[in-house]
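So the structure is just underneath, and the comments pick up after that.
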Amino acid sequence: MMPVQQPTTAATSRSRTAERVMAAVNRDPLTAPHAVRNDTLLAFVAAVLAAGIALFVDDGREPDALGWTLLLAAHAPLPWRRRRPLLVLALIVACVAPYHALDHVHSAPTPATYIALYTVAVTGRPLRTVLVGTGVIALSVSVMLTVSAHEALELLKISGWVVAVLFCGVDVRFYRQYVASIVERAERAERTREEEARRRVAEERLRIARDLHDLLAHSITLIGVQTSVAAHVLSADPERLDREAVAKALDDIAETCRSARGELRTTLEVLRAHDAAHGSADARGPLPGLDGLPDLAEAARLAGARVEQTVRIRHAPPAVGAAAYRIVQEALTNAVRHAGPGPAVRVALDERAGALHVSVSDDGAGPAAGGTPGFGLVGMRERARSVGGTLDAGPRAGGGFEVTAVLPLTTTGERTG
């Protein structure tokens, strides 16, 4: 096996240097760390460069004591250039103007002047930059006219460098704004994704809570009724024990437990799936549908209810079928629990005007007055709303209780299970 070639130290150093340079360019100058310290160092370097130009460049008289004082004083405000760019530029101009008027080396103050102009351009609006640049050029030409017309003309010829510095500052400012907008959009997109993930998790938790409520309430109610039947058979006439009736009641209990255990396992598998926390629809498992309605009716019959079922619809979207299944399941559970012994229950599902109409009615007494309300009706209404439908429930005019729901068959709502 050939060894993996590691990057050279020089290449790594160049890469890190490039990263630092780009970070410095992208950073907002007003919020950069250690700004005063770094600009103090910049002012010192600019002052050393200005001194070298004053000593070795011949485009004017070598500065005397006053000239050196003005030249070095022009660099003193630079450490605060980010906080007060216009004030710093004004102070530099106040020192440089008499320096040029004394006809000292005219190129010596150039570094400090360009730094101040760049700072004004990179921190201010373009209109302010244009006005400041125009004013500085006009003032410089006016000062140089006091020295000689030739010097003023030469300064006017090289004023393009001033314009270039200003345009460079404006360009860097726009580039920083562009980078900041990209970062802001990325952060906003990340926040949106996190909020969407939290919303999906909350919806999934609510779905699981509804499923568990419907499943456990339905199964426990049936088991309670079947246990009461077995107990009644055992205690009615101990000497003439109907073993077949007892065995059938116990078999019904066992079948209800097996069915509930299987559906409970399917529901809880969502919690074990890795993608459930991200709102993955594939982790929800198969949804119950209209094909499960006969099993619900049979379970209610085993609990003693007389169920008449009419289904006049061939197909429904999975979410609508699941909502109808849960609504019928909860309505049958309530009928077995509250309608009294041996209630007659009528279940009807039919398609009319592009919607699934669900009706579950019984002839029982209904829930006892003053009882503590449960979550059954609330859950049924939530399931109907989840697919864009409506649900009504209440006592019937001729006695008994009725649940009716209208579920649109063209819904694009979330899956309900």
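Read the figures in this text as sums done on the coordinates, not as results from a lab. Predicted model only: the values in this text are computed from it and were never measured. Methodologically, a virtual Cβ is constructed for each residue, glycine included, from the backbone with ideal geometry; neighbour enumeration extends over all protein chains shown.
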Of Glu244, Glu203, how do they rank once you tally other Cβ atoms within 10 Å and put the fewest first? Glu244, Glu203
What ranking do Phe401, Phe56, Phe44 get, fewest neighbouring Cβ atoms within 10 angstrom at the top? Phe56, Phe44, Phe401
Exposure proxy order (Cβ contacts within 10 Å, fewest to most) of Ile182, Ile327, Ile115, Ile313: Ile182, Ile313, Ile115, Ile327
Separation of the Asp171 and Arg385 label points, Cα + 7 Å toward Cβ, nm: 5.8
Using 0.36 nm per residue, how much length does the chain from Ala65 to Glu244 gain when fully extended, once their Cα-Cα distance is taken away? 52.1 nm
